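A short worksheet on the structure shown next.
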Amino acid sequence: HGARHEEAQAAESRREALIEQRKALGPLTERVQRAENAALPLGDECPSIERERQMALELRAADEALAAWLEATLKLEGCGHEPVRRSAKALLINATELKLRAQLDEALAMTRERRQLALSGVYIDEATEELRKVDAASAKAVEAEAPFLMGIEVVSKRELEATIAKCEKAVTGLQVAVDEATARLTPKFEEVRQYAQGEAQQLKRNVARLREQQAHLEDAAEKLRLLRLDTESRKRSRAAEGSEDTKAAEAAPPAKVARRGELKLALVFDWAATLQT
């Protein structure tokens, strides 16, 4: 009974997924057509940078949406529920007859250099913003480490521990900034590496600028590694010093403490001597 119930639930889930795929085909077709229209040549008119970027982003979004739709529908076609399989196959035939993939591939091929130029400009702006955050976090980490860099050695234990804690916090902030920038920018750096630059001088300049930004991020990651090593080394040294202090305190002879009566008698003698003078 349990197995049958699970199978019925799975079949219902696939049926609902198929309905969603069928509903999505109409909007997807419109999206591909809009992207195709945005890619049409403008004759003698020189398109603005903003318009070219919009065109490139629309084509990319349409390509990703179509790929996701096809993948999900093919998965339904390969499921074990025969009615869903037949319906998914018919849906794929319908999409093929609409020539969505062929239309989009033609638009992508026709605008390859224009898209590369536009997208590389978008990526430069994104990298500039991400690196600004990385540099700000790096500056905080260097500032936190300044007392050690300036050779300050004679500080109290409390000040030393507070400075190490500040360094640790700043290094953590830099780690977050570097990780986020790496996650967002690495796929774009990899994409740009595949660009066929041809004779477009601006595209060549954009690609060169992105390589510089990638090197900048790699330098920041290396700085982070060194800062973390320094901070961990200082923490270990301080922990070792604390252990030595504890051992020394335990090894020291106990201080002699006067009994209450002896202390009281000493005070009386001091008072009497004062009176005589």
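Of note:
- Residue 89 at positive phi and of a type in the set (Lys, Arg): no
- The C-beta contact set for the range 91-119 (first residue closer than 21 Å to residue 71 by Cα and part of a helix (DSSP H, G or I), second residue among the polar types (S, T, N, Q) and open to solvent by less than 70 Å² (accessible area, probe 1.4 Å), distance under 7 angstrom, 6+ apart or interchain) comprises 91/21; 91/73; 92/73; 98/29; 100/29.
- Applying the set (1) open to solvent by less than 70 Å² (accessible area, probe 1.4 Å); (2) modelled with pLDDT under 90; (3) among the hydrophobic types (A, V, I, L, M, F, W, C) to residue 100 leaves exactly one unmet item: (2).
- Qualifying residue in the range 129-141 (condition: touching a residue at least 60 places away in the same chain (Cβ under 8 Å) and either in contact with a Ser or Thr (Cβ under 7 Å, 6 or more places away or on another chain) or surrounded by fewer than 16 Cβ atoms within 10 Å (Cβ to Cβ) (or both)): yes
- Residues that are modelled with pLDDT under 90 and of a type in the set (D, E, K, R) within the range 139-176 comprise 145, 153, 157, 158, 159, 161, listed in sequence order.
Yes or no, residue by residue, for (1) among the acidic types (Asp, Glu); (2) over 30 Å from residue 219 (Cα atoms); (3) over 35 Å from the mean Cα position of the chain (by Cα):
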position: 73; (1), (2), (3): no, yes, no
position: 85; (1), (2), (3): no, yes, yes
position: 96; (1), (2), (3): no, yes, yes
position: 102; (1), (2), (3): no, yes, no
position: 118; (1), (2), (3): no, no, no
position: 127; (1), (2), (3): no, no, no
position: 130; (1), (2), (3): yes, no, no
position: 133; (1), (2), (3): no, no, no
position: 138; (1), (2), (3): no, no, no
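- Annotation note: Cβ proximity below 6 Å between a residue of the range 159-175 that is touching a residue at least 60 places away in the same chain (Cβ under 8 Å) and a residue that is open to solvent by less than 20 Å² (accessible area, probe 1.4 Å) and of a type in the set (Val, Ile, Thr) (sequence gap 6+ or interchain) occurs for 167/231; 168/231; 171/231.
- Of everything in the range 28-79 that is of a type in the set (A, V, I, L, M), farther than 19 Å from residue 105 by Cβ and in contact (Cβ under 8 Å) with a residue 60 or more places away in the chain, the residue that is surrounded by the most Cβ atoms within 10 Å (Cβ to Cβ) is 76.
- Meets criteria (within 22 Å of residue 60 (Cα to Cα) and of a type in the set (A, V, I, L, M, F, W, C)) for residue 102: yes
- Within the range 40-54, not a single residue is among the small types (Gly, Ala, Ser) and in a helix (DSSP H, G or I).
- Hey, residue 4 closer than 17 Å to residue 73 by Cβ and in a helix (DSSP H, G or I) or not: no
- Selected residue (criterion: nearest to residue 70 (Cα to Cα)) from residues of the range 1-10 that are among the hydrophobic types (A, V, I, L, M, F, W, C) and open to solvent by 50 Å² or more (accessible area, probe 1.4 Å): 8
- Extreme residue, nearest to residue 112 (Cα to Cα), among residues of the range 11-24 that are surrounded by 15 or more Cβ atoms within 10 Å (Cβ to Cβ) and under 33 Å from the mean Cα position of the chain (by Cα): 24
The values are calculated or read from the model by the stated rules, or taken from the named source; none is laboratory data. Not measured: the values here are computed from a predicted model. No Cβ is skipped: glycine too gets one built from the backbone with ideal geometry, and neighbour counts run over all protein chains shown. Side chains are part of the model used for accessible areas, which takes the heavy atoms of the whole protein and leaves out ligands, DNA and RNA. Shrake-Rupley method; radii C 1.70, N 1.55, O 1.52, S 1.80 Å.
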